[in-house]
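Just so you know, all these numbers are worked out from the coordinates, no wet-lab data involved. All values reported here derive from a predicted model rather than from experimental measurement. We place every Cβ from the backbone using ideal geometry, glycine too, and count neighbours over all the protein chains shown.
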Amino acid sequence: MSPLPSPSHSKPHSQKEASNEEGADFRHFWIRKVVDRFFQILSILAAIVVISPLLLVFVFLLSSGGSSLTWDFLTQLPKPVGETGGGMANAIVGSCILVAIATVIATPVGVLGGVCVCEYGDARLRAAIRFTADVLNGVPSIIWGIVVYSWVVLRMKTFSGLAGGLALSFIMIPLILRTTEDVIRLVPSAYREAGLALGLRRSQVILHIILATARRGVLTGVLLAAARVAGETAPLLFTAFGNRVWAAHLQEPMAALPLQIFTYAISPYPDWHRQAWAGALVLLGLVFFMSIVVRTLTRDRSR
Amino acid sequence: MSESASDPKRTVSSSAEGADPQRRSSAFQIEDLHVWFGNRAALHGISLNIPVHQVTGIIGPSGCGKSTFLRALNRMHEFIPGARVQGRIRLFGEDIYEASGDPILLRRRVGMVFQKSNPFPTMSIQENVLIGLRLAGTRNRDLLEERLEEALRMAALWSEVKDRLHAPGIELSGGQQQRLCIARALAVRPEVLLMDEPCSALDPIATAQIESLIRDLGQRYSIVLATHNLQEAGRTADCTAFFLEGRLIEFGSTKKLFTNPSQKQTEDYLTGRFT
């Protein structure tokens, strides 16, 4: 690969000057080439660093918990200390119920909040809501646990699945609000205007046209938020609390995968440690599954 | 111009055979219309009568206020922060900016077609046409079907889509999409149709189709057609208004305005001696 002289150098002003210039050009060419390659390698390395934790975690979890991930683990209740075997069926179902409660509470609030930011209110109110949502996104999740503990648990005088779901919903609301806002902004205003010009009411335009157009994005936001809170432990510590048997109803302490993993991991029993690994594997699998669903949805959208 | 004392009603339209467009009965009577966006005035006192059952062309260079004028006629400025409308606009004698008037009801009487076709992407052809009626509360199946065919026939789209009414509206070609948007606007049976450069994004064949459609619709509807395409106004409009920098320069029958304009600026614009 010899450097091609640029056209401006092909007509030398003098012989000496031309050769000097060409020499400098040649050196620069190689330096640039090396720097260029260096940056390429650096960015590839960075990409590997980004991807590798996921693979490492997955492999690690498989090797540590894979052997304990049996049918019994998925379908049995925990066994008392000392007995081997048993599973986390109640925690898996509990986690699903808690996330479902949180989604049911957070979706309408978050979506309507996002609609409000985009479609209603004056600029100051909108900015205030957006800022609030951003601050809420940054609130450490254990704060929500404490808040719900003092508001709900103390008043109901019992830990409960309801309180756990509520604590998770507080984390979901600002996430859903911001994604809803983002996808609504992507809906071209031409549709909004077309709807209004037809004599539709504003609420009808929002419901039947704007949200209908953005529905995949909204759903994606809801699922991503659900996946995010599925792994939350801190807000459940003193709300859902955990339970070694099935919760009969929502006003009872409820088991959740992250809680169960936490309890088992800090226990002194090797069998529980193995089960904690298996639980972590199931939790990661659930979150992974939700991400794949989100992926499929967004791919359909771009088609 | 302001024959407000006689308060013309629609019944006057039968006597609308006079040669001068200003004398015929009017769909819109506009008096001293000003529109501001923030501190910038976009329209400086437009007074104009839009004749009934005719195509009125609005021509002028980009930024002369054609769209602004159209949007004042169906109160679409109300959603733009900082927009202010002053003056009086009457639709068949009723002041449309009266405090008691509901813009929703007005927009059902004054349909609008936009520059870029915008069928709702989540809806089928049928749903697109019927959404206005459906959300206005029409539940009667027979009536909806009847209106669907009526609107699509009027928009000259029926024969092309009658076998695939449930296909998504955005699968149609550009010209078909624009005709679908016209059908959508017609389905609620408006009295006036505002068209904001409806052909500017279309190829010549689709443009010719839409233009002939506009001429046909002009027999039954009062149409206001904004266009920067002089030929289009010449081909389709019965009378034409020339706007320049937010002012109405000249208004008259299209033939007169194009062949023998009374204003120097109009002549300059029509002959291209104008930037």
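With a cut-off of at most 13 other beta carbons within 10 Å, and DSSP calling the residue loop, which trypsin sites (Lys or Arg not before Pro) in the stretch A:113-165 qualify? Please list them.
Working: sites: A:ARG124, A:ARG126, A:ARG130, A:ARG155, A:LYS157; in loops: A:LYS157.
Hits after loop and neighbour filter: A:LYS157.
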### Task
Treat the stretch B:123-244 as a sphere of radius equal to its Kirkwood radius over Cα pairs and apply Stokes-Einstein at 25 °C in a medium of 0.890 mPa s; give the translational diffusion coefficient in µm²/s, rounded to a whole number.
164
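Assigning unit charges at the beta carbon (Lys, Arg +1; Asp, Glu -1) and nothing else, what dipole magnitude in debye, to the nearest 20, does the protein assembly as shown show about its Cα centre?
460
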### Message
Quick check: the angle from helix B:204-217's long axis to the longest principal axis of chain B, C-alpha only, nearest 10 degrees?
### Response
80
### Query
In the stretch B:4-270, with Lys and Arg counted as +1 and Asp and Glu as -1 at Cβ, which of these residues, B:VAL129, B:LEU91, B:GLY45, has the Cα nearest the positive end of the dipole, that is, farthest along it?
B:LEU91
#### Entry: Distant-in-sequence amide H partners of B:GLY57 (H built 1.01 Å from N, under 5 Å)
B:LEU225, B:ASP238, B:CYS239, B:THR240, B:ALA241
### Message
What percent of all Cα-Cα pairs in the stretch B:140-205 falls into each 10 Å bin, going from 0 up to the bin containing the maximum distance?
### Response
20, 52, 25, 3
#### Entry: Extreme residue, positive dipole direction of chain A, given options A:ALA47, A:ALA163, A:HIS208 (C-beta unit charges)
A:HIS208
## Note on the structure
Percent of all Cα-Cα pairs per 10 Å bin for the protein assembly as shown, counting from 0 up to the last occupied bin, reads 3, 13, 18, 16, 12, 13, 13, 8, 3, 1, 0
#### Entry: Extent along principal axes [Cα atoms of the stretch B:4-270; Å; largest to smallest]
52, 43, 42
### Task
May I ask you to evaluate 6.51 cos²θ - 1.76 cosθ + 1.60, the Karplus curve with θ = phi - 60°, for each residue of the stretch B:156-161 and list the ³J(HN,Hα) values in order in whole Hz, giving x for glycine and proline?
6, 10, 4, 5, 7, 10
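Nearest 20 debye, what's the magnitude of the dipole of the stretch A:71-302 about its Cα centre given +1 on Lys and Arg Cβ and -1 on Asp and Glu Cβ?
Once rounded to the nearest 20, the dipole reads 540 debye.
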### Summary
For the A:SER291, B:ILE80 Cβ pair and Förster radius 51 Å, calculated FRET efficiency rounded to 0.05 is 0.80
### Task
Give the long-range amide H neighbours of B:GLY45: residues separated by 5 or more places, or on another chain, with amide H under 5 Å away, using H modelled in the peptide plane at 1.01 Å from N.
B:LEU33, B:HIS34, B:VAL35
### Query
Over the C-alpha atoms of chain A, what are the Rg and the largest Cα-to-Cα span, Dmax, in Å?
27.9, 95
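When every alpha-carbon pair in the stretch A:173-239 is counted, what percent end up more than 18 Å apart?
Values: 1058 of 2211 pairs.
Roughly 48 percent, rounded to a whole number.
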### Message
If you average the C-alpha positions of the stretch A:213-254 and of the stretch B:231-268 separately, how far apart do those two centres end up, in angstrom?
### Response
66
#### Entry: Across B:LYS66/B:LYS116; B:LYS116/B:LYS255; B:LYS66/B:LYS255, pairs whose alpha-carbon gap is larger than 24 Å
B:LYS116/B:LYS255
### Backbone HN-Hα couplings from phi across the stretch B:118-123 [Karplus 6.51/-1.76/1.60, Hz, Gly and Pro as x]
9, x, 5, x, 8, 10
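How large is the dipole of chain B about the Cα centre if only Lys and Arg carry +1 and Asp and Glu carry -1, each at its Cβ, rounded to the nearest 20 debye? Could you put the intermediate results ahead of the total?
On the way: 33 positive and 32 negative charges, 39 e Å.
The dipole magnitude comes to about 180 debye.
For the stretch A:126-169, take the convex hull of the Cα atoms, compute a quarter of its surface area, and give me that in nm², please.
Details: hull surface 13.4 nm².
Average projection, Cα convex hull of the stretch A:126-169: 3.3 nm².
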### Task
Measure nothing fancy, just the Cα-based angle from helix A:123-138's long axis to the longest principal axis of chain A, in degrees from 0 to 90, nearest 10.
70
### Query
Using the alpha-carbon atoms, what tilt in degrees (0 to 90, nearest 10) does helix A:15-65 show relative to the longest principal axis of chain A?
10
### Task
Return an integer: the convex hull volume of the alpha-carbon atoms of the stretch B:63-147, in Å³ per residue.
151
